[in-house]
Amino acid sequence: MSKVMTAEAAVARLSSGMTLGIGGWGSRRKPMALVRALLRSDVTDLTVVSYGGPDVGLLAAAGKIRKLVAAFATLDSIPLEPHVTAARQRGAFGLVELDEAMVMEGLTAAAHRLPFLPVRAGLGSDVMRVNPHLRTVTSPYEDGEELVAAPALRLDAALVHLNRADAHGNAQYLGPDPYFDDLFCQAADAAYVSCERIVDTADLLKAAAPQTLLVERPFVTGVVETPNGAHFTSCAPDHGRDEPFQRAYAQAARDPETWRSFSERFLSGDEGAYQAAVAAFHKSPGKEGAR
């Protein structure tokens with residue numbers, strides 16, 4: 001059965017108040033075309049779980065986040081995601097800041113339908129102080145070790161982006177890192193996979209080793225073909241991070257008037273308009289392009 005749909009059709013299945021997981025890592029292989037479609041929707045009041053990058057930045061700028069659960073929010077080559085920083089400074093949403101391993105184990109617990117998983121991550125750090133809701137457990141074995149009970153991060157829906165997928169929901173990464181896109185899909189009631197290209201199932205095995213088939217069709221609700229859909233984040237080996245555009249994005253985020261101009265130019269239309277505006281940006285002198 002084909003699960004192919006448009007980005008708009010996938011977002012139409014989301015609703016306000018959901019807990020939404022977004023795959024990728026920082027400014028790497030983010031499902032940005034799906035996030036841009038989400039920006040154009042009426043969906044709001046979201047709890048977002050993410051190894052954060054410009055995905056949470058755009059949603060924060062649009063006022064769509066009620067609570068963010070994350071280990072960080074970064075653009076990688078730019079250390080801090082500027083919209084998330086600004087939103088937190090004005091208290092625009094709640095934040096649950098966890099250790100990276102705690103997010104991973106929380107997703108794993110949700111994938112296995114467990115209430116929590118024990119981890120050492122967070123012990124002896126301020127993670128426990130700033131998250132007083134976290135609890136510890138004692139090992140029932142001879143060691144008697146005290147461990148953090150990382151709570152399950154159960155998701156209503158997940159958005160991820162991979163290099164290739166077939167029409168049935170099997171999806172493949174071709175870059176150096178799988179990140180945790182499979183856990184996001186398994187932890188969610190519904191998962192939507194965007195990809196650079198939809199191919200026949202047999203071609204997935206021709207492209208790379210079987211272990212690159214990260215996401216399996218039973219955990220996927222919809223597949224969206226979005227060439228350059230991770231832009232401006234990287235999606236190796238299909239394309240790298242668009243550093244000039246990312247710099248323009250970060251610079252625009254520092255000033256409300258400049259951000260309004262940036263949004264009007266790049267985010268006021270559909271995905272085709274966005275890609276066309278990006279192409280024009282790269283033809284502009286000095287690639288300034290924010291205004």
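Read the figures in this text as sums done on the coordinates, not as results from a lab. Note that the structure is predicted; figures quoted are calculated from it, not measured. Please note: Cβ atoms are built from the backbone with ideal geometry, for glycine as well, and neighbour counts cover all protein chains shown.
Rg/Rh for segment 243-287 (Cα atoms only, Rh after Kirkwood) is 0.95.
Ranked by Cβ crowding within 10 angstrom, fewest neighbours first, how are MET1, MET32 ordered? Working shown, then result.
Details: MET1 6, MET32 28.
Fewest-to-most ranking of MET1, MET32: MET1, MET32.
Comparing ARG154, ARG129, ARG217 in a Gaussian network model of the chain, where Cα atoms under 10 Å apart are tied by springs, the biggest mean-square fluctuation is seen for ARG129.
The alpha carbon radius of gyration of segment 186-245, expressed as a multiple of 2.2 N^0.38 Å, is 1.26. Compared with the direct C-alpha span, the chain from ALA273 to ALA209 gains 19.5 nm at full extension, assuming 0.36 nm per residue. Given springs between every Cα pair under 10 Å in a Gaussian network model of the chain, which of ARG28, ARG90, ARG66 has the largest fluctuation? For the chain, modelled as a Gaussian network with Cα springs under 10 Å, the answer is ARG90.
Taking only the C-alpha atoms of the chain, the Rg (one decimal) and the largest Cα-Cα distance, Dmax (whole number), read 19.0, 68 Å.
Working note: 222 nm ellipticity from helices only, DSSP H runs with n ≥ 4, each -39,500 (n - 2.57), summed and divided by the residues of the chain, gives -8500 deg cm²/dmol to the nearest 500. With a Förster radius of 25 Å applied to the beta-carbon distance between ASP177 and GLU216, the computed FRET efficiency rounds to 0.85.
Determine the gain in length on full extension of the stretch LEU80-MET128; use 0.36 nm per residue of separation and subtract their C-alpha separation, reporting nm with one decimal. Before the final figure, lay out each step's value.
Working: separation 48, 0.36 × 48 = 17.28 nm, distance 2.25 nm.
Difference between extended and current length: 15.0 nm.
Here CYS235, CYS185 are placed in order of increasing Cβ neighbour count within 10 Å, fewest first, which gives CYS235, CYS185. Whole-Hz Karplus values for segment 57-67 come out as x, 5, 5, 5, 4, 8, x, 9, 9, 8, 8 Hz, taken residue by residue from phi with 6.51 cos²θ - 1.76 cosθ + 1.60 and θ = phi - 60°; glycine and proline positions read x. Sorting LYS206, LYS64, LYS30, LYS3 by the number of Cβ atoms found within 10 Å of their own Cβ, with the fewest placed first, yields LYS206, LYS3, LYS64, LYS30. Working from label points 7 Å from Cα in the Cα-to-Cβ sense, the THR6 to HIS282 distance is 2.5 nm. In plain terms, the chain from SER263 to ARG197 could stretch by 21.1 nm, reckoned as 0.36 nm per residue minus the Cα-Cα distance.
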